[in-house]
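A short reminder: the numbers here are calculations on the coordinates, not readings from a lab. Bear in mind that the values here come from a model prediction, so they are computed numbers and not experimental data. Every residue, glycine among them, receives a Cβ derived from its backbone with ideal geometry; neighbour counts consider all protein chains shown.
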Amino acid sequence: MTRDLVIELTYLAASILFMLGLRSLTKPDRARRGMNQAALGMLLAIVGTLVKEEIVRYDWIIVGLILGSIIGYPLGMFVPMTAMPQRIAFSHMFGALAASFVGIAEYTTALRLGEEITSARMTALGFEVLFGSLTVTGSFMAFGKLAEFITGRPVTYRGQNAANAVLFAVTIGLLIYLIARPVNQTAFFVMVALAFLIGVFLVLPIGGADMPVVISLLNSYAGLAAAATGFAIGNNVLIIAGALDGASGFLLSIIMSKAMNRSFGNILFGAFGSKITATGKSAEGLVVNEVSVEDAALRLAYARNVVMVPGYGMAVAQAQHQVREVAELIEKNGGEVRYAIHPVAGRMPGHMNVLLAEANVPYDNLIGMEEINPQFPVADVALVIGANDVVNPAARNDPLSPIYGMPILDADKAQSVIVLKRSMNPGFAGIENELFYRPNTSMLFGDAKTSLTRLAAEMKNL
Amino acid sequence: MTDIIQVYVFVLAAFVGYQVITRVPPLLHTPLMSATNAISGISLVGSLVVAGSDHGFLASVLGLIAVTCAMTNVVGGFLITDRMLKMFKHQPERPAEKN
């Protein structure tokens, strides 16, 4: 009895420490210490669990803890920041796998021991394996798309939404049946298999540019799976931590879809970017102004006020360090440099911030969309590095464009714009960008990293 | 009765979580994701019991895999979050608002 009380107290302490840890993330200066507190909470919860009465042997546990540490250490220490989106998707898969396996083991053990599974417990177990399994395969698909061994283009076919709806309905039907008749093992395993399929089909039609929403949503599902585990085994720390994760992922997906001016339904079932139809304005008859590295360097060197607009292209080219180098040269000449961060630039929430922080850009200079937009008109140069849709003025003025209504960075309002871009191919959404054809826009073609290196070399010679 | 209390706990925790996380600036959204990822390793609490209860080979193997996966998230998640947060630095000497 005293033992149980002590265990519950460690869980309570862990829950509080988790909340303090997440709260610390509201302030960059306090965040590290807060996360150490959360880690301490995790340690407490683990130690508390290890002394539980139900645990009678430690061999499997020790092997698992050692294996997990061996796999986790390199995943934590050596994965480069540029690989962060796929790294996050990958670990959602691990978390969800743990939850669904615990659910399956709980279910089979209960049946083997002839325990009665109440409908409340079956509901919890059902949601646990449902959320768990679909998050496993969904995250794997997201991981594949981000690591580019699965096509980043949306995969669509006729009757896709109808087929998915049927799959979904059958799975829910099985869950309801199981709640009524928990002893039917076949139904249980068919439901698990269908949940795995749902994960695959859910992410298949979603394009790379929509990944920030998908990753957040999977984050939320992984949390809900953990919370359902808590309901199934009657453990409050699991419920609390799962609820925190679920809320966090849910909130992030709302923020991300708002930043794209699209609803959840539209992202999940809209298959954005699958068809490259010329709904927007055509680029025919328009000319682009190409600029030489020398001219661009000259303009940047004498600019007083420069706004950098990084996009996914910067991440692909891994050009964040070169961006920083060019920024330093501008600052050395007395200019001011800031960075305009669109919430959905890149492939996950906060992608650009992490990359630029890695390149030693002080976070005070990383400015969010709402704050930086009024300042574009006073900027001498907006340097667009591999960003496309997030600076497309069509979102403001072309009601026919698929991205119409999406909040964008007003780079076009700067005195002049220099765009670093590989070629004139349209961006991920397959939409023409009229920013590139404006009279005050100059294009500097080439790989962003190479272009920036050449720019920096040229600026040093001035 | 305990079921209802669990629902209470869930709803209140989700509410508090929502309130806290609303105030996390976009700057730290990636560390937030990796932090919640590390915290989702709390499935360990369930996994450990499954792996250590000696309820037959199948349960033990499932438990072993679950412990491994959850521990991977705990170790990897907290390490990478710290690595990321370490990179976020203030402007050195020069004050942020200059003009």
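Worth a mention:
- Dipole-positive endmost among A:Gly313, B:Ser40, B:Ala59 within the protein assembly as shown (Cβ charges, Cα centre): A:Gly313
- Ordering A:88-96, A:26-34, A:177-185, B:38-46 by mean Cβ neighbour count within 10 Å, with the highest value first, yields B:38-46, A:88-96, A:26-34, A:177-185.
- Ranking A:Tyr339, A:Ile418, A:Gln375 by Cα position along the charge dipole of the stretch A:331-462, where only Lys, Arg, Asp and Glu carry charges on their C-beta atoms, puts A:Ile418 farthest toward the positive end.
- Summed side-chain charge close to B:Pro26 - residues other than B:Pro26 whose Cβ falls under 11 Å, Lys, Arg +1, Asp, Glu -1: -2
- Computed over the stretch A:81-275, Cα set: Rg, Dmax in Å: 16.8, 54
- With viscosity 1.002 mPa s and temperature 20 °C, the Kirkwood radius over alpha carbon pairs of the protein assembly as shown converts through Stokes-Einstein to a diffusion coefficient of 87 µm²/s.
- For the stretch A:17-122, the mean projected area of the C-alpha convex hull, equal to one quarter of the hull surface, is 9.4 nm².
- For chain A, the membrane-span-like helices by this rule, meaning whole DSSP H stretches whose C-alpha atoms cover at least 24 Å of axis and whose Kyte-Doolittle mean is 0.0 or above, are A:2-24, A:31-50, A:59-77, A:84-112, A:119-147, A:160-180, A:185-203, A:211-233, A:236-259; this says nothing about an actual membrane.
- Residue-averaged beta-carbon neighbours from other chains (10 angstrom radius) around A:389-402: 0
- The magnitude of the dipole of the protein assembly as shown, with charges of +1 and -1 set on the Cβ of Lys/Arg and Asp/Glu and taken from the Cα centre, is near 260 debye.
- 21 Å tail of the calculated P(r), the stretch A:135-232, as % of Cα pairs: 41 percent
- Peptide A:31-37 - average C-beta neighbours from other chains (10 Å radius): 5
- Fraction of alpha-carbon pairs over 24 Å apart in the stretch A:293-461 - percent: 26 percent
- Along the axis of the charge dipole computed for the stretch A:1-78 (Cβ charges of +1 for Lys and Arg, -1 for Asp and Glu, origin at the Cα centre), the listed residues A:Val47, A:Ala14, A:Thr26 are led at the positive end by A:Thr26.
- The stretch A:81-275 - charge dipole about Cα centre, Lys and Arg +1 at Cβ, Asp and Glu -1, debye rounded to 20: 540 debye
- Once backbone amide H atoms are built at 1.01 Å from N, A:Met443 has A:Asn289, A:Glu290, A:Val291, A:Val419 as its partners under 5 Å, excluding neighbours fewer than 5 places away on the same chain.
- Reciprocal of mean inverse Cα separation for the stretch A:1-78 (Kirkwood radius, Å): 14.1 Å
- Rg over Rh for the stretch B:26-87 works out to 1.16, both radii taken from alpha-carbon positions and Rh defined as the Kirkwood radius.
- Sorted peptide list for A:220-233, A:117-130, criterion being average Cβ within 10 angstrom, highest first: A:220-233, A:117-130
- When +1 charges are put on Lys and Arg Cβ atoms and -1 charges on Asp and Glu Cβ atoms, the dipole computed for the stretch A:293-461 relative to its Cα centre reaches about 240 debye.
- Alpha-carbon centroid distance for the pair the stretch A:1-30 / the stretch A:367-397, whole angstrom: 41 Å
- Neighbouring partner chain Cβ atoms per residue of A:360-366, average, 10 Å criterion: 5
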